[in-house]
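Below is one structure, written out as structure tokens; comments come after it.
Values quoted throughout were computed directly from the atomic coordinates according to the rules given, and no laboratory measurement underlies them. These figures come from a predicted structure and were not determined experimentally. Here the Cβ positions follow ideal geometry from the backbone for every residue, glycine too, while neighbour counts run over all protein chains shown.
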Amino acid sequence: MILGKIWSAFRAQLNKIANLFWEADPIAQMRYEHDLALEQLKEGRKGLETYRGLVERLTRQVSAGRAHLAKLEAETKAYLKAGQRDTAAKFALELQKAKRELAANEEQLQSHETAYDNNLKKIKHAGQKLAEVRNRIQKYDAELKMSAAEAEIAALAESFNLNVTTDFGQIEQVIQARIDRNRGKARVAADLSTEGLAEIEAEEQTQKLMAEEALTQFEVELGLRSPETTKLPETQKDLGPAVAGKGTVAETE
């Protein structure tokens, strides 16, 4: 009893493993079963061909028996007409024997022909069923691959849903945060770049006034301007945005 339980448990585990392999690739399993049936069909066809050879030989024997029977009948009639009754009797006896053999052969031929036709129908039917199975395998293979692709596409579409709960959503948040930081740095840099512009502008204005004063002084020295009519601009001592107005410059007549 214990051994029986152990054996049952062992068979159950083997069956479990077999089911795992069976369900791992059902299309491959169907192709395997198809190939086995195809090999059996090929063997059956070879057997049918051999059987048909025997039928053909029996058909030839029947044809030969009929020809022999016709010959015996003709010879029996010929000897009977010739008045040779003893010889005609021998041929008549041979004729009866030939008739019995021909009848037996014809009966066997009819039986074998019927058996051949039945087996031929079975093999043709099996071939048709096998073709249907092959078409179904191709159909199931295509549907299985299509359904697997649809499942992958559905999973991929769900993963591309940019929700904060998905990986893509979290990655998008990181990217957006980095973009915000970069924009913040750019804004701060732009705001800081306006500092000191007033001092720079004031210094440039002062340099411009000093240059104008030096040029005017140079013109006076050259006699291009009269000192009495020329008012030199006062140079600002401080740097700032405010700039003093220039004096009126009179041209030398």
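Some values worked out for this structure:
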| item | result |
| --- | --- |
| Sorted by Cβ neighbour density within 10 Å, fewest at the top, the residues T50, T76, T87 | T50, T87, T76 |
| Of K46/K121; K77/K99; K46/K97; K77/K97; K46/K145; K185/K208, pairs whose Cα-Cα distance is over 26 Å | K46/K97; K46/K145; K185/K208 |
| Packing-based exposure ordering (other Cβ within 10 Å, fewest first) of V220, V188 | V188, V220 |
| Full-stretch length increase - D117, R85 - with 0.36 nm per residue and alpha-carbon distance subtracted | 6.9 nm |
